[in-house]
Amino acid sequence: MFHSTDRLAIFIDGSNLYSAARALQHDLDFKRMLDWFREKSILTRAYYYTAVVEGEEFSPIKPLVDWLDYNGFSVVTKPVKRFTDGSGHSRIKGNMDIEIAVDMLELAPHLDHVVLFSGDGDFRRVVQAVQAKGVRVTVISTQKTQPPHIADELRRQADVFLDLNDLMDDFGRPKTSGAQ
């Protein structure tokens, strides 16, 4: 599945991974995660994508974003958008799918293997496009929750699907609290 000579990049959909880990009642140890991938391949990049609320005195995600930024991750953020839904309720939206898809496609010619941490079925087409460039794609999410966090079409498109629950011994820890 992983080869020690593979040029590998990790793409983490932060909110999707946070949601899956929380549903599994675990937190992630991102340092152990990087070490795990470095033992198995030539890790060229590790991206973490998340939307942030601008102007807040304290954002619960800021300490994690800062830590990741100083510890080997390329952190990609964008401000959340506020809008009012049809019922008049204020909502926020911070989808990072386009940023992830563009970065995967741009980096694909320089990689042998991509690892996508997301269960979002919208990624099926970009996974297919990256595979067409000769890059193997592993998707990490979970089926062990109700409902499952992995979209069936994404799981089927991936060359390999790994259940996040099965990796918790390698880079998880029991849930305490915190941000994405």
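The values are calculated or read from the model by the stated rules, or taken from the named source; none is laboratory data. These numbers were taken from a predicted model, which means no experiment stands behind them. Every residue, glycine among them, receives a Cβ derived from its backbone with ideal geometry; neighbour counts consider all protein chains shown. Accessible surface is based on the protein model in full, side chains and every heavy atom, while ligands, DNA and RNA are left aside. Shrake-Rupley method; radii C 1.70, N 1.55, O 1.52, S 1.80 Å.
Listed by first and then second residue, the pairs linking a residue in region 86-109 that is of a type outside the set (A, V, I, L, M) to a residue that is at pLDDT below 85 and surrounded by fewer than 10 Cβ atoms within 10 Å (Cβ to Cβ), with Cβ atoms under 7 Å apart and 6 or more places separating them unless they lie on different chains, are 90/84; 91/85. The residues in region 38-56 that are in contact (Cβ under 8 Å) with a residue 12 or more places away in the chain, open to solvent by 80 Å² or more (accessible area, probe 1.4 Å) and either of a type in the set (Gly, Ala, Ser) or touching a Ser or Thr at 6+ places or on another chain (Cβ under 8 Å) (or both) can be counted, and the count is 2.
Can you tell me which residue is modelled with the highest pLDDT among those in region 38-60 that are out of contact with any helix residue (DSSP H, G or I) (no Cβ under 8 Å at 6 or more places or on another chain) and of a type in the set (Val, Ile, Thr)? That would be 42.
One residue stands out among those in region 156-168 that are in contact (Cβ under 8 Å) with a residue 60 or more places away in the chain and open to solvent by 20 Å² or more (accessible area, probe 1.4 Å): the one that is farthest from residue 100 (Cα to Cα), which is 165. Scanning region 144-154 turns up no residue that is part of a strand (DSSP E or B), more than 25 Å from residue 51 (Cα to Cα) and either at pLDDT 95 or above or not polar (S, T, N, Q) (or both). Would you mind stating whether residue 118 is farther than 30 Å from residue 156 by Cα and small (Gly, Ala, Ser)? No.
With the structure loaded, tell me whether residue 69 is in a helix (DSSP H, G or I), at pLDDT 90 or above, in contact with a strand residue (DSSP E or B) (Cβ under 7 Å, 6 or more places away or on another chain) and not hydrophobic (A, V, I, L, M, F, W, C) or whether it fails that test.
On the way: in a helix (DSSP H, G or I): yes; at pLDDT 90 or above: yes; in contact with a strand residue (DSSP E or B) (Cβ under 7 Å, 6 or more places away or on another chain): yes; not hydrophobic (A, V, I, L, M, F, W, C): yes.
Taking the combined requirement at face value, the residue satisfies it.
Number of residues in region 83-122 that are surrounded by 11 or more Cβ atoms within 10 Å (Cβ to Cβ) and either of a type outside the set (A, V, I, L, M, F, W, C) or outside any strand (DSSP E or B) (or both) equals 24.
Within region 33-66, the set of residues being charged (D, E, K, R), outside any helix (DSSP H, G or I) and farther than 18 Å from residue 118 by Cβ comprises 54, 56, 57.
Of the residues 75, 80, only one is more than 20 Å from residue 158 (Cα to Cα) and modelled with pLDDT of 95 or more; which? The match here is 75. Selection of first residues in region 130-155 that are closer than 14 Å to residue 11 by Cβ and touching a residue at least 24 places away in the same chain (Cβ under 8 Å) and of second residues that are assigned to a helix (DSSP H, G or I) and polar (S, T, N, Q), restricted to Cβ pairs under 6 Å at least 6 apart or on distinct chains, gives the following pairs, ordered by first then second residue: 137/131. Considered as a group, the residues in region 7-22 that are touching a helix residue (DSSP H, G or I) at 6+ places or on another chain (Cβ under 8 Å) and not in a helix (DSSP H, G or I) include one that is farthest from residue 107 (Cα to Cα), and that residue is 13.
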